[in-house]
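Any read-out appearing in this document is the output of simple, stated calculations on the displayed coordinates, not a laboratory observation. Because the structure is a prediction, the values reported are computed rather than measured. Note that each Cβ is placed from the backbone with ideal geometry, even for glycine, and that neighbours are counted across all protein chains shown.
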Amino acid sequence: MADNTFDAIVVGSGISGGWAAKELTEKGLKVLMLDRGFDIKHKVDYADSNKPTWEYPHRGGRTQKMIEEYPVLKRDYPLNERNLSWWCSDQDHPYVEKKPFGWFRGYHVGGRSLMWGRQSYRWSDLDFEANAKEGIAIDWPIRYKDIAPWYDHVETFAGISGSLEGLPHLPDGKFLPPMQMNIVEQDVAKRIKEHYNNQRWMFIGRSANLTAKIPGRDSACQFRNICSNGCPFGAYFGTQSSTLPAAEKTGNLTLRPWSICTEVIYDKDTKKAKGVRVLDAENNQTYEYYSKVVFLCASALNSAWILMRSATNIWPEGLGSSSGELGRNVMDHHLKIGASGDVDGYEDKYYYGYRPNGVYIPRYRNLPGGEKRNYLRGFGYQGGASREGWSRLVAEYSIGAEFKDALSEPGKWNMGIGGFGEMLPYHDNKITISKEKKDKWGLPVLEFDVEFKENEKNMRIDIMNDAKEMLEAAGVKNVTAYDNGCEPGWGIHEMGTARMGKDQKTSVLNSNNQVWDCKNVFVTDGACMTSASCVNPSLSYMALTARAADFAVKELKKQNL
Amino acid sequence: MKMIAVVTGGAVIGGDFLLTGCKNPESGEVSMVFSEENIAFLDEVAETILPQTSTAGAKAAGVGRFMTVMVNDCYTKADQEVFHPVSLAAPVELLFAGRPDHVAGDAGFFLELADAGFL
């Protein structure tokens, strides 16, 4: 095999790309995995994985210089001193906002699998059937039964901790032991369950942090809660800790960092992709790599960008654009809304370590048989209870030895919850390629025309009011509700730009994540999502990727690709 | 508390972040550069708030110098202009003179800082 020819090329090395590489190499394929950015070696390159807050020059905060240099990242938490080099430069990677869209990207090997929030929930048929039942967009081409075995597969390998709750709309999985709710959370959970007659639930989050050692991984989670600096124990799921070592172990993987995939090379005679074109981000040279199949896992918006630039001599809007849906139906979750308050008592109680996880209140609105609200779909909450730290006393304006002593004591308990709402797929929420603006490499950038609409706005009223009502019902005092406003993108759950469907006239991908117009190109990242659910999507990307990889290998064996 | 010009000169703290907005000391305008004297003063302020007890106090922890890093790098220019005069407005003993551990609502150094958005 020539050194530029492989069985499969995987574009992107984040959660989806890592899974594609692992599954394809383990099934015997020679795989080239590309990433547009620099390499990060597991453990070796986690410079700050043991760094305490007080060793950061600005204690982990943000400087005015950072604020100037990162006009996008500054809009939310990612702009901080802790792992800034793992968020891509807003200067090098500009984009155009016809409407505000906060695009927070990790351009390096491992992508956002290094910095992700690790919350891992299964979808259910409540999600897969919603579009069809409500006449929204198009129907998903799959149902829960199609993906359930793949959830089993990815959960078992990734290591997801969680509790079995028996809720049909948030299916249980193959979980490691759950982390514990602290004493206040346990009591709040009990009161919510009682108050709402067991129609609302709160339990510990399902998180891709190991609560037990599993094969191939070093250690269980140490409860340090600085996961996004990289874990020296390899105790949360990410490319570096999990899928990359598995893929490398096969001897079938070639990893090429600094490789910006600029297009899929389409052969109009065979109607298949021949491979990909790559711009080397370091030396600016162009290279071609060839393969039997291509997996686009470059993140939802960039996978669409690659398709839009491919085969434009056949389809002016790009490969997969024949339906008119490529780049459309952009989705995210809406958040920055919830409530918090004080909890009296429990002053002799504390909790163990820094739990890298919170509590979860799954969707309870618009469930089958329940009351219908003035919006479709629903939302969940994430949150937790903890004791106030020393900073509570800054506002006291106190001085002296007694004050200093008081600072070393834990303060009172707080409990807060924040909502994550589902966003509907709207045809006119779209990304296109800008005709003017270019990035550092002279590549045209994406232009965003995406907004939340009436359904999301109506839902937010419930999210805020329900949060306050539930906390008050649970005995939380001085509850304050907030809606801090939210731009699309802030959920960092971009989805929908190359959706799956049953009909090639209305979708970009079929039920196996194959591009309708080019069967040996698979898109298995957030781009493939036909709706957004309200739960965190990464676990579903893992399952869909593993499923598509299995299908691709079977098709290769049948010589169908 | 009236804003007054501060002493200039001395080492610039946080050398990587030399302030572009630094004003000419000869013009009599507010300087945005902390002197060693300023740092010593801030150390005294911090030590008064968090004194040495059985554990080290703020001065031993270098809090004065740390404050200058935070002000230089993290404050907006407008906030820096407020902080600089405040930081040298009065001798430390006057700032805290006669204060109980819990300061009541009288106008004072802390409230000045609070009003300026620092606390």
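A:Gln285 to A:Leu84: FRET efficiency via 1/(1 + (r/R0)^6), r the Cβ-Cβ distance, R0 22 Å, to the nearest 0.05? The partial results should precede the final answer.
Numbers: r = 29 Å, r/R0 = 1.31.
Step by step, r from the Cβ atoms, then E = 0.15.
To test your reading of the geometry: what angle, between 0 and 90 degrees and rounded to tens, separates the Cα axis of helix A:538-557 from the longest principal axis of chain A?
Roughly 20 degrees between the two axes.
I'd like the orientation of helix A:454-473 relative to chain A: the angle between its Cα long axis and the longest Cα principal axis, in ° from 0 to 90, rounded to 10.
It is inclined by approximately 30 degrees.
5 Å is the cut-off here: which amide hydrogens, built 1.01 Å from N in the peptide plane, fall below it relative to A:Val359, excluding neighbours closer than 5 in sequence?
HN-HN under 5 Å from A:Val359: A:Gly205, A:Gly383, A:Gly384.
Using a Förster radius of 51 Å, what is the FRET efficiency between A:Thr506 and A:Asn197 based on their Cβ-Cβ separation? Nearest 0.05, please. Don't skip to the answer; put the middle values down first.
Working: r = 41 Å, r/R0 = 0.81.
Computed FRET efficiency for A:Thr506 and A:Asn197 comes out at 0.80.
Whole-Hz ³J(HN,Hα) for each residue in the stretch A:492-508, computed from phi via Karplus 6.51 cos²θ - 1.76 cosθ + 1.60 with θ = phi - 60°, x for glycine and proline: what do you get?
Result, rounded to whole Hz: 6, 10, 5, 8, x, 6, 8, 5, 7, x, 8, 10, 5, 6, 10, 8, 8.
Run the helix sum for chain A: -39,500 (n - 2.57) per DSSP H stretch of 4+ residues, divided by residue count, reported at 222 nm to the nearest 500 deg cm²/dmol. Could the numbers behind the result be given before it?
On the way: 11 runs with 117 residues, N = 561.
Rounded to the nearest 500, it is -6000 deg cm²/dmol.
Between A:Glu69 and A:Glu409, take the C-beta separation as r, use R0 = 45 Å, and let me know the FRET efficiency to the nearest 0.05. Mind dumping the intermediate values first?
Numbers: r = 39 Å, r/R0 = 0.87.
Efficiency computed from Cβ-Cβ geometry: 0.70.
Specify whether the C-alpha gyration tensor of the stretch A:226-345 places it in the rounded, prolate or oblate class, a ≥ b ≥ c being the square roots of the eigenvalues: rounded for a/c under 1.5, otherwise prolate if a/b is larger than b/c and oblate if not. Mind showing how you got there, number by number?
Numbers: a/c = 2.79, a/b = 1.47, b/c = 1.90.
Oblate.
Long-range amide H contacts for A:Leu446: which residues qualify at under 5 Å (H placed 1.01 Å from N, peptide plane, sequence gap of 5 or more or a different chain)?
Placed amide hydrogens put A:Val96, A:Ser434 under 5 Å from A:Leu446.
Classify the stretch A:278-376 from the C-alpha gyration tensor, please: rounded if a/c falls under 1.5, else prolate or oblate depending on whether a/b exceeds b/c.
Values: a/c = 3.89, a/b = 1.85, b/c = 2.11.
Because a/c hits 1.5 or more and a/b fails to exceed b/c, the stretch A:278-376 counts as oblate.
Return the long-range amide H neighbours of A:Leu255 (sequence gap of 5 or more, or a different chain), with a cut-off of under 5 Å between placed amide H atoms.
Excluding prolines and chain starts, which carry no amide H, the hits are A:Met33.
Each residue of the stretch A:182-187 in order: what ³J(HN,Hα) in whole Hz does its phi give by Karplus 6.51 cos²θ - 1.76 cosθ + 1.60, θ = phi - 60°, with x for Gly and Pro?
Working through the residues one at a time gives 6, 4, 5, 4, 4, 6 Hz.
Once both labels are modelled 7 Å past Cα along the beta-carbon direction, what's the A:Asn374-A:Tyr482 spacing in nm?
Reported label-point gap for A:Asn374 and A:Tyr482 is 2.6 nm.
Take A:Glu402 and A:Trp390, extend 7 Å from each Cα along the Cα→Cβ direction, and tell me the distance between the two endpoints in nm.
2.0
How crowded by other chains is B:44-56, given as the mean number of beta carbons from other chains within 10 Å of each beta carbon?
Working: counts 0, 1, 0, 1, 2, 7, 6, 5, 2, 5, 3, 3, 0.
Whole-number average of other-chain Cβ neighbours for B:44-56 is 3.
Percent relative contact order of the stretch A:194-269, based on C-alpha pairs within less than 8 angstrom and at least six residues apart? Intermediate values should be presented prior to the final figure.
Working: 43 pairs, mean separation 15.3, N = 76.
Answer for the stretch A:194-269 is 20 percent.
Over 20 Å between Cα atoms: which of A:Lys74/A:Lys336; A:Lys22/A:Lys249; A:Lys274/A:Lys519; A:Lys99/A:Lys440; A:Lys27/A:Lys557; A:Lys99/A:Lys505 fall into that group?
Values: A:Lys74/A:Lys336 15 Å; A:Lys22/A:Lys249 9 Å; A:Lys274/A:Lys519 12 Å; A:Lys99/A:Lys440 23 Å; A:Lys27/A:Lys557 11 Å; A:Lys99/A:Lys505 28 Å.
Over 20 Å Cα-Cα: A:Lys99/A:Lys440; A:Lys99/A:Lys505.
Sort the following peptides by mean Cβ neighbour count (other Cβ atoms within 10 Å, averaged over residues), highest first: A:57-69, A:287-299.
Descending mean neighbour count gives A:287-299, A:57-69.
With a sphere of radius 15 Å drawn around the Cβ of A:Glu447, what net charge do the other residues whose Cβ falls strictly inside it have (Lys, Arg +1; Asp, Glu -1)? Display every interim value, and only then the final one.
Values: positive: A:Lys98, A:Lys99, A:Arg309, A:Arg328, A:Lys430, A:Lys435, A:Lys437, A:Lys438; negative: A:Glu97, A:Glu317, A:Asp428, A:Glu436, A:Asp439, A:Asp449, A:Glu451, A:Glu494.
Net charge around A:Glu447: 0.
So for the pair A:Val445, B:Thr76, with labels modelled 7 Å out along Cα→Cβ, what separation do we get in nm?
Between A:Val445 and B:Thr76, the simple spin-label model gives 2.4 nm.
With an 8 Å cut-off on Cα pairs and a minimum separation of 6 or more residues, tell me the relative contact order of the stretch A:272-370 in percent. Mind showing how you got there, number by number?
Details: 58 pairs, mean separation 12.4, N = 99.
So the answer I get is 13 percent.
What shape does chain A take by its C-alpha gyration tensor, where a ≥ b ≥ c are the square roots of the eigenvalues and a/c under 1.5 counts as rounded, a/b above b/c as prolate, and the rest as oblate? Spell out each step's value before the answer.
Details: a/c = 1.68, a/b = 1.45, b/c = 1.16.
Prolate.
Could you tell me which residue out of A:Phe223, A:Ile183, A:Gly205 lies farthest along the dipole of the stretch A:179-234 toward its positive end? Charges go on the beta carbon: Lys and Arg +1, Asp and Glu -1, centred on the Cα centre.
The residue sitting farthest along the positive end of the dipole is A:Gly205.
If you fit an axis through the alpha-carbon atoms of helix A:15-26 and take the longest principal axis of the Cα set of chain A, what angle between them do you get, 0 to 90°, nearest 10?
It works out to around 50 degrees.
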